[in-house]
Each structure stands twice: as structure tokens, then as C-alpha cells.
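Trainee: Structure incoming, see below.
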Amino acid sequence: MAFASSKTSNAQNVFRLPLVARKLVEKDRERRSKANIGGEFRGQLEKTLRYLRWKSECNTLLDAAGYIAAELEREKLYALYQKLFPKEWKNSGASFERKGYSEYHTEREFEFIELVSDRYFPLCTWLDWSDFRFDHIPIEPVNFDLCCGEYE
Amino acid sequence: MKDNRKKNRQNDTGGEVLRRLVKAPETVNQIYELAESLFWREANLRMTLADIEQVNKYLRQTESEVEAMKKQLRELALIEGSFYAERIPTGF
């Protein structure tokens, strides 16, 4: 009985989410129900470690909400990449994972940032993109620097 | 007599706060489940700008619920004398 009521409550929970989020949750549940214990040991271990690291960073409600917001920002960059540079997106082989020197942006995001900087407007080059995730688009003044220049 | 009434009122308020808190996990579960689903999403699964806006809207809606939960926990901490607010394991 308790199981049935918790099942109903879960169904209601998911019902409140937007459609795309519901699909994501359903896919994740499916993945968990079909979870393959076997497979390559090292690969499984790395996945588990990555998950545990994520879990320890995301152990509060606010952390989880912050994580969702950050991932949505990332998705927004991908969506803009697809919309503004469809050919480049199609031909790109850049990874969707954060690896190497940057813990904030994926290779694919860097690719988009470079394209925007090349073709639309120059983005700040002196800021280290590998150290920050910006909540705005940092654009560098091309002519007069009204921010830091000294004018009488 | 007066003390008894005060005590009863405190119990009633505590009960009400607890009843409301029981409902709170709905939002908490949703947020956790969505975060975990995003973590495990397939590398090639992408969202459209409209999808992103919808989920953002949902997040903004739940912000007020999270604030309400924080308020309830603070109230509960005040009602229950031996309650250590900093030890509440909900991570606010």
C-alpha cells in the first residue's frame, strides 16, 4: 500500500516537470533499471568515481538547483551554436565533456566561443576562460576603453 | 491554565509546520531527480532554446517553494527548543 502511494506520489512529481525534463527523468530511470553491472572494470570504475565526485558536490538542494542552472547555461550555448553555425556544428568533432585544462567549459563550448569571437564580436581575450564560467558575455571595447582608459 | 494553552498553541504550530514539511520533499525529489538525469544524459542529447526556457521557468517557480521550506525550518527551529538549525540535514 505504502509502495503504491509512493509510486503515485512519484508519478505526480514527474507530472509537474516540463516535458523535456520528464523525458530526461524517464530515460534516467530506464537506464537505472537496465544498469549493466558487468563490462570493462576500469570504465565502470571511472564512471562510478565521476558520479561520486558529482554527488559529493551536489549533496544539497541548492547545489542541485545550481547544477541544473549551470547545465542549462551549457545547453543554451550548444543550442545557440546549432542555430548560428549549423554547418560547423555538423562537422565538429569537439567533445561534450570537460577535460584537460578547463573545468568549466567543454571543448564544444570553447569552439562556439571562438566562432563568436571570430565572426560576431571580439570577446575578452585577456580573461582566462578556463578559470571562469561567465554569467554574461564579456565583450572587449575595440576603440576607446571607457572603462579603464584615462581621459581628461 | 495559561501555560497549558500556550503549550497547546506551540504544539499546534509545530504540528502544522511539520505537516507542511512532509509535503516539501515533492519539490526536493524533483530537483534531485532532474539534476541526476542531467548528469547522466547521453552526450548527444541536446535541448532546444524553448526546452531550456521551460526548465528555467520551472526552476524559478520552485525557488519560492524552497524559500518557503527554509522559512518553515526556521520556524520549526524556534518552536522546538532543542533543535539545532545548523544541523538540519536539508542543505540550505
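Please treat every number below as a calculation from the coordinates, not as lab data. Bear in mind that the values here come from a model prediction, so they are computed numbers and not experimental data. We place every Cβ from the backbone using ideal geometry, glycine too, and count neighbours over all the protein chains shown.
Trainee: Under the definition of partner shielding as Cβ atoms of other protein chains within 10 Å of a residue Cβ, what is the mean value for peptide A:116-122?
Mentor: The per-residue average across the peptide is 0.
Trainee: Assuming 0.36 nm per residue, please report the length gained on full extension of the stretch A:Lys34 to A:Leu52 beyond their Cα-Cα distance.
Mentor: Length difference between fully extended and current span is 4.5 nm.
Trainee: If you take each beta carbon of peptide B:50-61 and count the beta carbons of other chains within 10 angstrom, what is the mean?
Mentor: Per residue, the number of nearby Cβ atoms from other chains is 5 on average.
Trainee: Here's another thing I want to ask about it. Neighbouring Cβ atoms within 10 Å as the yardstick, rank B:Leu76, A:Leu24 fewest first.
Mentor: B:Leu76, A:Leu24
Trainee: Could you list log10 I(q)/I(0) for region A:70-144 at q = 0.13, 0.14, 0.23, 0.27 Å⁻¹, which the Debye formula gives when each Cα is one point scatterer?
Mentor: Relative scattering, expressed as log10 I(q)/I(0), comes to -0.38, -0.44, -1.19, -1.51.
Trainee: Within 10 Å of each Cβ in peptide A:87-99, how many partner chain Cβ atoms are there on average? Round it to a whole number, please.
Mentor: 1
Trainee: Apply 1/(1 + (r/R0)^6) to the Cβ-Cβ distance of B:Ala50 and A:Leu62, taking R0 = 22 Å, and write down the FRET efficiency to the nearest 0.05.
Mentor: 0.25
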